[in-house]
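The values are calculated or read from the model by the stated rules, or taken from the named source; none is laboratory data. Just so it is clear, the model here is predicted, and its values are computed rather than measured. Using ideal geometry, Cβ is built from the backbone for each residue, glycine included, and neighbour counts are taken over all protein chains shown. Heavy atoms of the whole protein, side chains included, go into the accessibility calculation; ligands, DNA and RNA do not. Shrake-Rupley method; radii C 1.70, N 1.55, O 1.52, S 1.80 Å.
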Amino acid sequence: MAERGKMDLSKLALFGAINRERSYLTERQKVLAENVANANTPGYLPKDIKKTGFSDELKSSTLALKVTDPRHLTGLPSQKGGYMVYTPKPSDPLSLDGNGVIIEDQLNEVSKVRGDYNRMISIYNSFKKMLTTANTKINA
C-alpha cells in the first residue's frame, strides 16, 4: 500500500497501459535479437511476437466454439496480457541453406521497437511531470 499522501502510479489506468506496452516491446526486442543472432544458422526462420487477444486464447483452448461471423471475437484484449511468438510465412526466398533472416529487415524492426519504447518512456515522464506539477506527491 502506498504511503499516506503519496500516489501509486501503477493503479492509474494510463500507467498500467504504458507498463503493459513496455513489457510487450521488451519481449519483442528479445525475439528480434534472437533473429539477428541466428542470421547465419542454416534452416532458421525469423520469429515475431504479437499480443494474444481473446480470440487467440479461444483458438488455443480445447473448447469448440462456432463463430458465425469472422468479425466476431476479434480485437478483444487478452485477460492474461500474454504474448505469442510465431514464425510468419516467409515473403522472400530463403537462402541456399534455408535461412529466412533478412538482417536489414530485422534491424529495421529493432529500430522501430526502440522508437516505440522511447515514445512510451516519454509519455510516462510527461504524465508523471503533469501530476507532479498538479502538486501531487508521487511515490516513484
How many of the residues making up region 37-52 are more than 18 Å from P93 (Cβ to Cβ) and touching a Ser or Thr at 6+ places or on another chain (Cβ under 7 Å)?
3
Count of region 80-123 residues which are open to solvent by 60 Å² or more (accessible area, probe 1.4 Å), in a helix (DSSP H, G or I) and more than 23 Å from T41 (Cα to Cα):
7
Just the residues that are in a helix (DSSP H, G or I) and either loosely packed, with under 11 Cβ neighbours inside 10 Å or modelled with pLDDT of 90 or more (or both), please, taken from region 125-140.
N125, S126, M130, T133
